[in-house]
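Visitor: One structure coming up, written as structure tokens, with questions to follow.
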Amino acid sequence: MTRYCCFLILCCVGVQCWAQSSISGEIGIAFQKEKEVKIHLSRIKLEDFPSAKAEKSIATTILDKEGRFSFRELQLEKKDAIYHIYVNTVAEALGATKNADHFFVFSARDSIHFTKGKKAFEKYTNTNTADAEWQRLRAYEARLFGTVLSGEDSLSPERLAHLRRYTKDSLQILMVKLIGIKQLDQQELLDVDIAKNPDYYLALLEELKESELERSDYLFLENKLAFITTEKAEHKFMYSTYINIFLGLIILCLTLYGIRKKRRPKPDIEQLSHQERTIQQLILQGKSNKEIAAELFISISTVKTHITHIYGKLQVANRKELFQKAPYR
């Protein structure tokens with residue numbers, strides 16, 4: 001039992017030690033002929049990609065006799081970042097350039113293993129999902145253009161249109177989408193596409209602001225969209241101004257209508273006949289129908305008829321309303 005426990009402990013320790021080498025692999029036979037082959041690893045800021053200017057190596061290892069290498073005790077980013085692995089032979093001291101290299105997305109929680117191929121770092125397995133999507137983008141570029149897109153390629157408008165659509169519609173991970181957009185920018189196509197699809201890029205910028213990506217990574221896009229944002233704000237302000245003017249005119253028209261309606265002439269007593277005006281005055285004096293009939297030498301029914309006409313013309317219903325309306329006449 002004790003031996004079994006010791007065996008398990010040794011296995012766990014071995015696994016732990018192996019886990020420390022999250023970047024490892026083999027390289028082509030051509031490099032094995034060199035006396036000493038150094039393999040360098042550097043981290044590239046997304047804002048600098050793909051130029052990778054002034055990159056500094058964060059780790060260096062030497063290819064062993066069997067053509068294998070591994071990096072141990074690496075200080076890797078916990079979140080996804082772009083890494084650059086490349087080979088320099090012993091001739092680098094004499095100013096030799098890189099013989100082989102590869103860019104990939106990686107994080108401290110991932111592992112990557114390169115296998116032998118015709119070219120160094122050509123084949124590998126990586127547990128990082130962002131890198132898998134990036135490799136699909138590179139494979140699409142290779143199918144579309146015959147080679148992976150670089151800043152110096154001259155491409156037809158039709159093929160570039162395909163690349164724009166693929167970048168916008170097929171890429172889901174923001175970091176990879178941003179890499180694709182940076183490549184469009186290198187081809188001087190981004191400004192044209194922003195002009196055609198401003199809403200898409202504005203929505204993408206909001207997503208980037210809410211993501212874990214550093215602002216410096218997408219600052220180039222933010223700067224390009226600054227004029228659109230300003231223009232949209234100006235349009236919104238103008239729209240708001242027009243709306244306020246329109247509402248102000250409506251309120252003014254309603255106010256004028258209300259004033260005009262209030263000042264609309266009420267039924268004028270001049271519309272009454274001479275006999276009706278006389279009867280109105282007698283009513284205002286407080287006389288009854290019988291007294292009015294006696295004073296004017298007419299029948300009570302005639303008085304009632306005249307009163308009915310008076311009420312209708314003055315739009316009142318009874319003597320009380322007639323008295324209320326009288327002071328304004």
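Visitor: Using label points projected 7 Å from each Cα along Cα→Cβ, tell me how many nm separate PHE227 and THR115, to one decimal.
Guide: 5.0 nm
Visitor: Please work out the FRET efficiency for the pair ASN244 and LEU284, using the Cβ-Cβ distance as r and a Förster radius of 41 Å; give the result to the nearest 0.05.
Guide: 0.20
Visitor: Straight-line reach only, C-alpha to C-alpha below 17 angstrom: list the aspartates and glutamates that LYS325 could link to, leaving out same-chain residues fewer than 8 apart.
Guide: Counting by Cα, and skipping residues close in sequence, LYS325 has these aspartates and glutamates nearby: ASP268, GLU270, GLU276.
Visitor: Over the heavy atoms of HIS162, what accessible area does a 1.4 Å probe trace out, to the nearest 10 Å²?
Guide: Probe radius 1.4 Å; accessible area of HIS162 about 80 Å².
Visitor: While we're on this one: Once both labels are modelled 7 Å past Cα along the beta-carbon direction, what's the HIS274-LEU144 spacing in nm?
Guide: According to this spin-label approximation, the distance is 10.0 nm.
Visitor: Using 0.36 nm per residue, how much length does the chain from ILE259 to GLU214 gain when fully extended, once their Cα-Cα distance is taken away?
Guide: Values: separation 45, 0.36 × 45 = 16.20 nm, distance 6.15 nm.
Gain in length upon complete extension: 10.1 nm.
Visitor: Given a cut-off of 27 Å, name the pairs among LYS45/LYS224; LYS35/LYS119; LYS79/LYS168; LYS123/LYS224 whose C-alpha atoms lie farther apart than that in the structure shown. Intermediate results must be reported in sequence, preceding the final value.
Guide: Details: LYS45/LYS224 20 Å; LYS35/LYS119 19 Å; LYS79/LYS168 23 Å; LYS123/LYS224 37 Å.
From the list (LYS45/LYS224; LYS35/LYS119; LYS79/LYS168; LYS123/LYS224), the Cα-Cα distance tops 27 Å for LYS123/LYS224.
Visitor: Between ASP101 and HIS309, how many nm apart are label points set 7 Å from Cα along the C-beta direction?
Guide: With each label point 7 Å from Cα toward Cβ, the separation is 11.1 nm.
Visitor: I'd like the FRET efficiency for ASP191 and ILE58, computed as 1/(1 + (r/R0)^6) with the beta carbon distance as r and R0 of 41 Å, rounded to 0.05.
Guide: On the way: r = 35 Å, r/R0 = 0.85.
Once the sixth-power term is evaluated, E becomes 0.75.
Visitor: Tell me, what is the 1.4 Å probe accessible area of THR167, in Å² to the nearest 10?
Guide: Number for this one is 0 Å².
The values are calculated or read from the model by the stated rules, or taken from the named source; none is laboratory data. Note that the structure is predicted; figures quoted are calculated from it, not measured. All Cβ positions, even for glycine, are placed from backbone atoms using ideal geometry, and neighbour counts span all protein chains on display. For accessibility, only protein heavy atoms count, side chains too; no ligands or nucleic acids. Shrake-Rupley method; radii C 1.70, N 1.55, O 1.52, S 1.80 Å.
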